[in-house]
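Everything below concerns the one structure shown next.
The values are calculated or read from the model by the stated rules, or taken from the named source; none is laboratory data. Remember, it's a predicted structure, so these values are computed and weren't measured experimentally. FYI the Cβ positions are ideal-geometry reconstructions off the backbone, even for glycines, and counts take in every protein chain you see.
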Amino acid sequence: MSSRDKILASIRENQPENVPAPAVDFKKITFEDTINEFSKTLEAVGGMARIVPRNEKLENYYEISPDAKVLSAITEIENRNVEPENIENEHDMKDIDYACFDVELAVAENGSFLTHCEDFKFRSVYFLAQHLIVRVKKSKILNNMHEAYAELAKMKRGPLTAFISGPSKTTDIEQCLVIGAHGARSLQVLIVED
Amino acid sequence: MNHPDAAAKYIADKDRARWHDKSLWFVRQKRDKMASSLPEWEELRDAASKIKAHMISNMEQYLLEFEKNAQANGIKIHWAMDAKEHNEIVHSLLKSHDVKKLVKSKSMLTEECHLNPYLEERGIEVVDTDLGERIVQLREERPSHIVMPAIHTKREEISDLFHEKMGTEKGNIDPDYLTYQARMDLRERFLASDAGLTGVNFAVAETGSIVVCTNEGNADLGTSLPKLHIASMGMEKIIPKMSDLAIFTRLLARSATGQPITTYTSQFNGPREGGEMHVVIVNNGRTEVMGQPEFRRSLSCIRCGACMNTCPVYRRSGGHSYSYIVPGPIGSILGPSRNSKEHSSLPFACTLCASCTNVCPVKIDLHDELLAMRKKIAAKNELPISKRLAMKVAGKVFSSPTLYKVAGKFARKALKMPRFMIYNQFNDWGKDRDLPEPPKKSFKEMMQERNKENGK
Ligand code: SF4
């Protein structure tokens, strides 16, 4: 008997009687002003949110240090200076300072955004880049994770879908919060009109 | 070593024990703040607990559904009856891909299986990439906490360790500096790795995906740079639907560290282009736990660590005082339910205060299970020796009304004994705490007097 069959047999032997799945029909938190709540929460987890009014230029709302290597899927980011075609493998992403891309949705209750990690040919850049700049539409800022997963269910999913909440961080040294563990060391979210 | 002896060693350094206690209480308070900010907190816990109970009662069906959907996504599924088989599968995958260097993100399951030494003996370099795990790996220790593996170490020790192993500045204890140095060192290791291994926080039957939660982004790097991704999964990590993730991701980080969600909640739906993805589903004693109704609910654990952060015994005695790899209340059930003899002292490292049960996001009846485990261990005659003697005496006293009366009188007097007689090395209950003022009379004596007054 294969281990698979042994394990399944052992489960059948020990599995208790069916307990029905619960209805998840309680009221979930919503916010009067999801944009404000999102911005507040994002700041609490170490990120920055900027609201870009209609007809305003994007470039007045983000910061990119001079001489930085910028890879951008957002064409309005004029500082971009790395051509995606010139990147040949995942390892080439290691020198990227800024990665900029649009995201599907964001969540007010926890300051996260959702990405399918498919804006560039190689996905390591989402985690190797020193800094991230992302753009999200106002109408795509949802209240909570229930709404977010309901939306995700309707989307086509690639190999990796990630919710990212703020820059990478650790508290492994005496509970001191340090921003920039392995992933991005800063995160700017640009909130734009639809 | 049994828990009381190991704990005594730890508490011998009083400042350290106090510092440890405070650090964890701080995390517990962060959790409380987060929990109280959500009006539906209790409903979330209730739903999480019921989804897990539902999953346990339909585990076969959901595992098969997961297997089918994951395979359709191009993921290869392996089944391991025990730790040994898990290690063999991982090793053979690495070997067939000619892997020399493996980067790992956090996985308590691989600790449970002792994977690292197994691979190292076979010539594979294993690098733990979570900062806390890296610290304990370099110190050649095991994690002392399931979420914060290096919570027992001080920054001075980490500074010395990094100086010795990575050549950082001697005496620089700045956490920013130390973290940055580790980041640079590990980045090179990520880039040089041939394979990445992750744990699994949740496996979704409906979509055949696995979800890995980290704050550092190490699981994502480890699966985006090398071409081979292996995920080690305890079979109880299965959940029915993707919408269930909403409930668990809302509870996990809030309970664990007081964050609204982990920084990265990464759902792997299949191998990346040109890559390979394998999931090893592991039993290793879980079906046995499943077959014991009084301990079954421990399989619902989502490894948030909240029960440790709140536990008065864990906070003071430290994670290394527990003989099982998972410390604290949940480990004191998981350990003895695997091997009651080896871990017989663990369920007694508990005051039955029930604080763990109150914070557990999946509502495991931890303190009830701990009590049930004590009974089981006593019934099997595997009590630790100190308990065996005490139980013998207690058994005699409780079975004789006269002895009980005399003992009560003596106890009330005993609490009034001069301090040196109570607070000495032979009385564990007098260590680091004041014992209560004894009542003047026993309950029985008070009842008798009252009955006399009422003319009964
Ligand atoms: S038993 Fe509950 S509180 Fe403890 S680690 Fe598991 S889920 Fe968290």
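So the values come out like this:
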quantity: Hits in region A:22-52 - residues which are surrounded by fewer than 17 Cβ atoms within 10 Å (Cβ to Cβ) and modelled with pLDDT under 95; calculated: A:A23, A:D25
quantity: Segments classed as helices (runs of 4 or more DSSP H), wholly inside region B:296-378, with at least 2 members that are within 27 Å of B:F202 (Cα to Cα); calculated: B:306-310, B:328-338, B:355-359
quantity: Leading residue by the ranking (farthest from the other protein chains (Cβ to nearest Cβ)) among those in region A:116-142 that are under 13 Å from the mean Cα position of the chain (by Cα) and of a type in the set (F, W, Y); calculated: A:Y126
quantity: Output for region B:308-326, where each listed residue is of a type outside the set (S, T, N, Q), more than 10 Å from the ligand (Cβ to nearest atom) and at negative phi; calculated: B:P312, B:V313, B:Y314, B:R315, B:R316, B:G319, B:H320, B:Y322, B:Y324, B:I325
quantity: Selection from region B:133-153 of residues that are without any contact (Cβ under 8 Å) to a residue 60 or more places away in the chain and away from the ligand (no atom under 16 Å from the Cβ); calculated: B:E133, B:R134, B:I135, B:V136, B:Q137, B:L138, B:R139, B:E140, B:A150, B:T153
quantity: Among residues of region B:255-285, those that are at the interface with another protein chain (Cβ under 9 Å from one of its Cβ atoms) and either within 16 Å of the ligand (Cβ to nearest atom) or over 26 Å from B:L64 (Cβ atoms) (or both), counted; calculated: 8
quantity: The listed residue being touching a Leu at 6+ places or on another chain (Cβ under 7 Å) and more than 9 Å from the ligand (Cβ to nearest atom), out of B:C356, B:C350, B:C360; calculated: B:C350
quantity: Pair list, Cβ under 8 Å, 6 or more apart: region B:1-27 residue at pLDDT below 85, other residue among the aliphatic types (A, V, I, L, M); calculated: B:Y10/B:A17; B:I11/B:A17
quantity: Matching entry among B:E88, B:E112 (being more than 9 Å from chain A (Cβ to nearest Cβ) and either among the small types (G, A, S) or surrounded by fewer than 19 Cβ atoms within 10 Å (Cβ to Cβ) (or both)); calculated: B:E88
quantity: Number of positions in region B:148-169 that are surrounded by fewer than 20 Cβ atoms within 10 Å (Cβ to Cβ), over 14 Å from B:G132 (Cα atoms) and more than 10 Å from chain A (Cβ to nearest Cβ); calculated: 7
quantity: Some residue of region B:72-82 being among the aromatic types (F, W, Y) and more than 7 Å from chain A (Cβ to nearest Cβ); calculated: no
quantity: Unmet requirement for B:N172, which otherwise passes all of (1) within 11 Å of chain A (Cβ to nearest Cβ); (2) more than 26 Å from the chain's Cα centre (by Cα); (3) surrounded by fewer than 17 Cβ atoms within 10 Å (Cβ to Cβ); calculated: (1)
quantity: Residue ID - surrounded by the fewest Cβ atoms within 10 Å (Cβ to Cβ), chosen from residues in region B:1-60 that are part of a helix (DSSP H, G or I) and hydroxyl-bearing (S, T, Y); calculated: B:S36
quantity: Yes/no for B:C301 being under 16 Å from the mean Cα position of the chain (by Cα), modelled with pLDDT of 95 or more, closer than 30 Å to B:A72 by Cα and within 16 Å of the ligand (Cβ to nearest atom); calculated: yes
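Each row is one residue, and each column tells you yes or no for (1) part of a loop (DSSP other than H, G, I, E, B); (2) in contact (Cβ under 8 Å) with a residue 60 or more places away in the chain; (3) not polar (S, T, N, Q).
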site: A:I133; (1), (2), (3): no, yes, yes
site: A:K156; (1), (2), (3): yes, no, yes
site: A:A181; (1), (2), (3): yes, no, yes
site: A:Q188; (1), (2), (3): no, yes, no
